[in-house]
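Heads up: the structure comes next, in structure tokens.
The values are calculated or read from the model by the stated rules, or taken from the named source; none is laboratory data. This is a predicted model, so every value here is computed, not measured. For neighbour counting, all protein chains shown are included, and Cβ atoms are generated from backbone atoms with ideal geometry for every residue, glycine included. Heavy atoms of the whole protein, side chains included, go into the accessibility calculation; ligands, DNA and RNA do not. Shrake-Rupley method; radii C 1.70, N 1.55, O 1.52, S 1.80 Å.
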Amino acid sequence: VLSESMKERILAKQPGIERKIVVIPSWVDSEQIVPRLKQDNWFAQEHGLVEPFTVLYSGNMGRCHDMETLFDAVVRLRKTPIRFVFIGSGEKRKDFQHRVDEMGLTNCLFLPYQPRENLPYSLTACDVSIVSISQGMEGLVAPSKLYSALASGRPIISICPENSYLNEVFAEANCGMSVRNGDSEGLADYLYRLSQNPQLTQELGRSGRDYCRKNYTSEKIAQDYLKLFQSLASR
């Protein structure tokens, strides 16, 4: 399984099979996704993201993702120079964009999924990234965007339940902050704090990338799978 939360969810339905479950997370090519300054990033230049403090949500905006808490934070920060960029699609994108238009919010930019060759640039055209899991989904999904966000050298904020594995990852990685579902005030306050403290933003980004390179490279995860297969073969 991809996370401790998934392991716990399975054990809740099928107790006593701990020895049959192995947690191996997803991975990222940390040599392809590397930190880039926005002023040297063509994607940031093309979309006017070099100057404003930019918050990025990149990927699926589906039923398993808490877009509601994020929308409320967007509203709270509408009078600040903070810019929100949404790249991707999914079940909740249309309604999110409609609500932005309906309220006349001008702090959001919506873009389609990007070609793979653009990802090293789109993922670094920001100052902070967002990952989210809806309440009740913590044992069903493990957002793969977490790993590319860590590799990008940007701080991350997770919106997730109290028992999500993301909380432990963030505590170990010192890469940002986890907020609970519905805590749009805490999310908005932390985003504003980061926008006013570039040194903290850089430190959290570096810490997250260091953690990524120690734990989530393809080489590291390949070794985890190799150990699993060797243990199975020895039985």
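May I ask you to verify whether PHE229 is open to solvent by 20 Å² or more (accessible area, probe 1.4 Å), part of a helix (DSSP H, G or I) and either in contact with a strand residue (DSSP E or B) (Cβ under 8 Å, 6 or more places away or on another chain) or not charged (D, E, K, R) (or both)?
yes
Restricting to the range 191-235, give me the number of residues that are closer than 23 Å to SER144 by Cα and of a type in the set (Ser, Thr, Tyr).
Looking only at that region, the number is 7.
If you go through the range 48-95, how many residues are polar (S, T, N, Q), closer than 24 Å to ARG116 by Cβ and open to solvent by less than 10 Å² (accessible area, probe 1.4 Å)?
1
Failed condition for ARG99, given (1) surrounded by fewer than 18 Cβ atoms within 10 Å (Cβ to Cβ); (2) of a type outside the set (Asp, Glu); (3) within 17 Å of ALA73 (Cα to Cα); (4) free of Cβ contacts under 8 Å to residues at least 24 places away in the same chain, with all others met?
Of (1) surrounded by fewer than 18 Cβ atoms within 10 Å (Cβ to Cβ); (2) of a type outside the set (Asp, Glu); (3) within 17 Å of ALA73 (Cα to Cα); (4) free of Cβ contacts under 8 Å to residues at least 24 places away in the same chain, only one is false for ARG99: (4).
Assess whether SER148 counts as being of a type in the set (S, T, N, Q) and in a strand (DSSP E or B).
No; evaluated as a whole, the condition is false for this residue.
Restricting attention to the range 111-142, which residues are more than 16 Å from GLN45 (Cα to Cα) and among the hydrophobic types (A, V, I, L, M, F, W, C)?
VAL128, ILE130, VAL131, ILE133, MET137, LEU140, VAL141, ALA142
Which condition number does VAL34 fail, the rest of (1) free of Cβ contacts under 8 Å to residues at least 12 places away in the same chain; (2) within 30 Å of ALA222 (Cβ to Cβ); (3) assigned to a loop (DSSP other than H, G, I, E, B) being met?
(1)
From the list ASN174, ASN163, ASN118, pick out the single residue that is within 14 Å of VAL34 (Cα to Cα), out of contact with any Lys or Arg (no Cβ under 6 Å at 6 or more places or on another chain) and of a type outside the set (D, E, K, R).
Exactly one residue qualifies, and that residue is ASN118.
Has the range 115-122 got any residue that is surrounded by 20 or more Cβ atoms within 10 Å (Cβ to Cβ), free of Cβ contacts under 8 Å to residues at least 40 places away in the same chain and touching a strand residue (DSSP E or B) at 6+ places or on another chain (Cβ under 9 Å)?
Looking through the range 115-122, none of the residues is surrounded by 20 or more Cβ atoms within 10 Å (Cβ to Cβ), free of Cβ contacts under 8 Å to residues at least 40 places away in the same chain and touching a strand residue (DSSP E or B) at 6+ places or on another chain (Cβ under 9 Å).
Which residue is farthest from MET67 (Cα to Cα), if the candidates are limited to the range 126-137 and must be in contact (Cβ under 8 Å) with a residue 60 or more places away in the chain and more than 14 Å from the chain's Cα centre (by Cα)?
MET137
Give me the pairs: first residue in the range 171-194 and more than 27 Å from LYS214 (Cβ to Cβ), second residue of a type in the set (D, E, K, R), beta-carbon distance under 7 Å, and six or more apart or on different chains, which are they?
Once the first residue is more than 27 Å from LYS214 (Cβ to Cβ) and sits in the range 171-194, its partners that are of a type in the set (D, E, K, R) give ARG180/GLU162; ASN181/ASP66; SER184/ASP72; SER184/ARG76; GLU185/ARG76; ALA188/ARG76.
CYS108 passes all but one of (1) in contact (Cβ under 8 Å) with a residue 12 or more places away in the chain; (2) more than 17 Å from the chain's Cα centre (by Cα); (3) open to solvent by 30 Å² or more (accessible area, probe 1.4 Å); which number fails?
(3)
Please specify each residue of the range 166-193 satisfying the condition of being crowded, with 23+ Cβ neighbours inside 10 Å and over 13 Å from the mean Cα position of the chain (by Cα).
Listed by number, the residues that qualify are LEU187, LEU191.
Which residue pairs have Cβ atoms under 6 Å apart, sit 6 or more places apart or on different chains, and have a first residue in the range 60-71 that is basic (Lys, Arg) and a second that is surrounded by fewer than 23 Cβ atoms within 10 Å (Cβ to Cβ)?
If the second residue must be surrounded by fewer than 23 Cβ atoms within 10 Å (Cβ to Cβ), the pairs left are ARG63/GLU91.
Looking for whichever is under 25 Å from ARG209 (Cβ atoms), in contact with a helix residue (DSSP H, G or I) (Cβ under 6 Å, 6 or more places away or on another chain), at pLDDT 95 or above and aliphatic (A, V, I, L, M) here; the options are VAL34, VAL50. Which one fits? Full working, then the answer.
Details: VAL34 fails: in contact with a helix residue (DSSP H, G or I) (Cβ under 6 Å, 6 or more places away or on another chain).
Answer to the selection: VAL50.
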